[in-house]
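Worksheet: the structure to be examined is printed underneath.
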Amino acid sequence: CGRGNSGKTIKVFKKRIHKKVSRKFNFLKKDFEMNYDEQNIFAKIIRGELPAEKIYEDEKVLAFMDIMPRSPGHFLVIPKASVRNILDIDNESLCAVIKVVKKLAVASKKAMNATGITIQQFSEADGGQEVFHLHFHIIPRYEGKPMDRPGQMVKDMSVLSLQANKIKAELGA
Ligand code: AMP
C-alpha cells in the first residue's frame with residue numbers, strides 16, 4: 001500500500017473512533033440529564049430538611065406555596081416519588097399528583113377569589129425547568145392582571161402563610 005492510502009486509512013479510522021466516542025459521550029450526557037439528584041430543594045422539603053408553607057399533604061403528594069410567586073396564591077404540587085419531571089414519572093405517581101392538582105386548583109380559585117387558574121409544568125432545562133423534581137405550578141389569576149415577572153422573592157413570608165391558610169380552610173383542613 002502507498003503512503004496516500006495509509007493516510008486515508010488513518011483518517012477513516014480516526015473518524016470512526018471520533019464517532020464512537022461522541023456517541024458514548026452523548027449517552028453519558030443523556031444519563032446525566034435524566035438522573036435524579038436526591039439533594040434538590042424539593043427533595044429536602046419532602047424530607048423536612050427545609051421549611052415550606054404547606055397547603056396539602058398525603059402519602060404520595062405534597063403542595064406548598066411558591067416563594068417567588070407569579071401571582072397571589074401561587075403554589076406548587078409535587079409527587080413524593082423521586083422523579084425529575086413529566087418525562088420520567090410512573091403513571092401511578094402521575095395519577096396521584098394530577099388528582100391533587102385538580103382538587104387544589106378548584107379550592108385555590110375559590111379561596112383566593114381568583115377569576116382563572118394557570119397551570120404550568122416545565123421539563124428539563126431547555127423546557128424552562130430550574131428545580132429538578134417534578135412540580136406543577138398552580139397560579140390563581142385575576143381579571144385584567146398579568147402574571148408578575150419570574151424570580152422575584154416574596155417580600156413578606158407571612159403573606160404566604162395567610163394565603164396557605166385560606167386554601168387549607170377551603171379544603172376543610
Ligand atoms: P421551575 O423549575 O422553572 O418550574 O421553577 C421552580 C420554582 O420553584 C420557581 O417558581 C421557584 O420560585 C420555586 N422555588 C424554588 N425554591 C423554592 C422553595 N424553597 N420553596 C418554594 N418554592 C421554591
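Each residue in segment 77-113 was checked for being closer than 15 Å to S123 by Cα and touching a helix residue (DSSP H, G or I) at 6+ places or on another chain (Cβ under 9 Å), and 11 of them qualify.
For segment 53-79, which residues satisfy the criterion of being open to solvent by 30 Å² or more (accessible area, probe 1.4 Å) and more than 24 Å from C95 (Cβ to Cβ)? Within segment 53-79, E53, I67, M68, R70, P72 meet the criteria.
Taking the numbered list (1) open to solvent by less than 80 Å² (accessible area, probe 1.4 Å); (2) under 20 Å from I45 (Cα atoms) in turn, E130 passes all entries but (1).
Take the conditions (1) more than 14 Å from the ligand (Cβ to nearest atom); (2) in a loop (DSSP other than H, G, I, E, B); (3) at pLDDT 95 or above; A169 misses just one of them, which is (2).
Go through segment 50-66 and give me each residue that's among the charged types (D, E, K, R) and away from the ligand (no atom under 11 Å from the Cβ). Within segment 50-66, E57, D58, E59, K60 meet the criteria. Looking at this structure, is S108 open to solvent by less than 40 Å² (accessible area, probe 1.4 Å) and either of a type in the set (D, E) or within 26 Å of D37 (Cα to Cα) (or both)? No, not satisfied. For beta carbons closer than 6 Å, sequence separation of 6+ or different chains, a first residue in segment 150-166 that is within 14 Å of the ligand (Cβ to nearest atom) and a second that is open to solvent by 40 Å² or more (accessible area, probe 1.4 Å) and aliphatic (A, V, I, L, M), the qualifying pairs are G151/M68; Q152/M68; M153/M68; V154/I67.
K102 meets each of the listed conditions (1) surrounded by 20 or more Cβ atoms within 10 Å (Cβ to Cβ); (2) away from the ligand (no atom under 15 Å from the Cβ) apart from (1).
The values are calculated or read from the model by the stated rules, or taken from the named source; none is laboratory data. A quick note: this is a predicted structure, and the numbers were derived from the prediction, not measured. Using ideal geometry, Cβ is built from the backbone for each residue, glycine included, and neighbour counts are taken over all protein chains shown. The accessibility values were calculated without ligands, DNA or RNA, using every heavy atom of the protein model including side chains. Shrake-Rupley method; radii C 1.70, N 1.55, O 1.52, S 1.80 Å.
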